[in-house]
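Working notes, structure below.
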Amino acid sequence: MIYDKKVIVHSLSGSLDDMHALVEQWRTLEVNYVSFVGANAQRLQDEFLDACVLLSIRDGWEPDGEPDPYFILSSAFDGERMDEAMELAFVLGGRPARPVCIMQI
């Protein structure tokens, strides 16, 4: 199935094994929005932002230079607030023509 370029990560476990690999995959797929919902959502978003910056620097981007070419908008919703994450995904680009990818961890 082909998804919209938005991903919602529904965290039941509160941890993700390899955020760097996921961020690289999302960048390749040109994902433009990632939301974390559930257990440790804010911590997962922090790990996501760290991975984005580290991978960008690895690929030659300098923080005081041009805007980050790998920028991906993100949000975090602690608790079971899937409806808010979905609403924000729709606000950021209208109702997508394809389904939003929801990844449960």
| remark: Residue hits (the stretch 1-25; under 20 Å from residue 77 (Cα atoms) and of a type in the set (A, V, I, L, M, F, W, C)) are 7, 8, 9, 12, 16, 19, 22, 23
| request: Show the residue pairs that are 6+ apart or on different chains and have beta-carbon atoms under 8 Å apart, the first residue being within the stretch 84-98 and part of a loop (DSSP other than H, G, I, E, B) and charged (D, E, K, R), the second being modelled with pLDDT under 80 and loosely packed, with under 14 Cβ neighbours inside 10 Å. | output: 98/2
| query | So which residues in the stretch 6-21 are in contact (Cβ under 8 Å) with a residue 24 or more places away in the chain and either within 13 Å of residue 50 (Cα to Cα) or surrounded by fewer than 19 Cβ atoms within 10 Å (Cβ to Cβ) (or both)? | reply | 10, 12, 13, 14, 15, 19, 20
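The values are calculated or read from the model by the stated rules, or taken from the named source; none is laboratory data. Just so it is clear, the model here is predicted, and its values are computed rather than measured. Reconstructed Cβ throughout: ideal geometry from the backbone, glycine too, with neighbour counts over all protein chains shown.
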